[in-house]
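Encoded as structure tokens, the structure appears first; notes follow it.
The values are calculated or read from the model by the stated rules, or taken from the named source; none is laboratory data. Computed from a prediction, not measured in an experiment: that's the story for all the values here. Side chains included, ligands, DNA and RNA excluded: accessible areas come from the protein's heavy atoms. Shrake-Rupley method; radii C 1.70, N 1.55, O 1.52, S 1.80 Å.
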Amino acid sequence: AYLATLQPESRRALTELRDVVEATVPSAERAFSYRIPAYRLNEKPLVWCAGFTHHVGLYPITAGMKRAGGVELAPHLSGKGTARFEIGSPLPKRLVRRILKARVAELSKASA
């Protein structure tokens, strides 16, 4: 239902981002929290993603994800913990995969 509220370009961009999340972390479970799509891993919040008019957002961007993303992530950072990927620009899939793997590592470490 959330996707149906988005403009076609936003819907396409968010679907692409979600496809990358699901391919990178196949054991992640879809969820809906804070009125936006989310993913959980081992019953813990993994990431949230949302579509807007000009960008799609990925949250939270933790310190470990920032380190993993390095200078490639820097232009996409917005606020304390948000990555914004502009609609109309190619989604940096390699970068998204890298920061997602860092997030999985953080959650695994916290569980140990």
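List of remarks:
- Amide H contacts of Val47 (H built 1.01 Å from N, under 5 Å, at least 5 apart or other chain): Tyr39
- Candidate lysines - alpha carbon under 18 Å from Lys44, same-chain residues fewer than 8 apart omitted: Lys101, Lys109
- Looking at the chain, the pairs of alpha carbons with a distance over 15 Å make up 61% of the total.
- On the stretch 1-60, 54 percent of the accessible area sits on carbon and sulfur atoms, based on a 1.4 Å probe.
- Whole-Hz ³J(HN,Hα) from phi, Karplus 6.51 cos²θ - 1.76 cosθ + 1.60, for the stretch 88-102, glycine and proline x: x, 9, x, 5, x, 4, 4, 4, 4, 4, 5, 6, 5, 4, 5
- Candidates Arg40, Arg30, Arg94, ranked by Gaussian network fluctuation over the chain, Cα under 10 Å, top entry: Arg94
- Couplings 3J(HN,Hα) for the stretch 41-57, derived from phi with the Karplus relation 6.51 cos²θ - 1.76 cosθ + 1.60 (θ = phi - 60°), are 10, 6, 6, 10, x, 9, 8, 10, 9, 8, x, 10, 4, 10, 7, 10, x Hz, where x marks Gly and Pro.
- Normalised contact order of the stretch 42-98, rounded percent, pairs of Cα under 8 Å and 6 or more residues apart: 33 percent
- Full extension of the segment from Val71 to Ala31, taken as 0.36 nm per residue of separation minus the current Cα-Cα distance, would add 11.4 nm.
- With every protein chain in place and a 1.4 angstrom probe, the accessible-area ranking of Ser78, Ser89, largest first, reads Ser89, Ser78.
- The mean accessible area for residues of the stretch 1-91, using a 1.4 Å probe and ignoring ligands and nucleic acids, is 57 Å² per residue.
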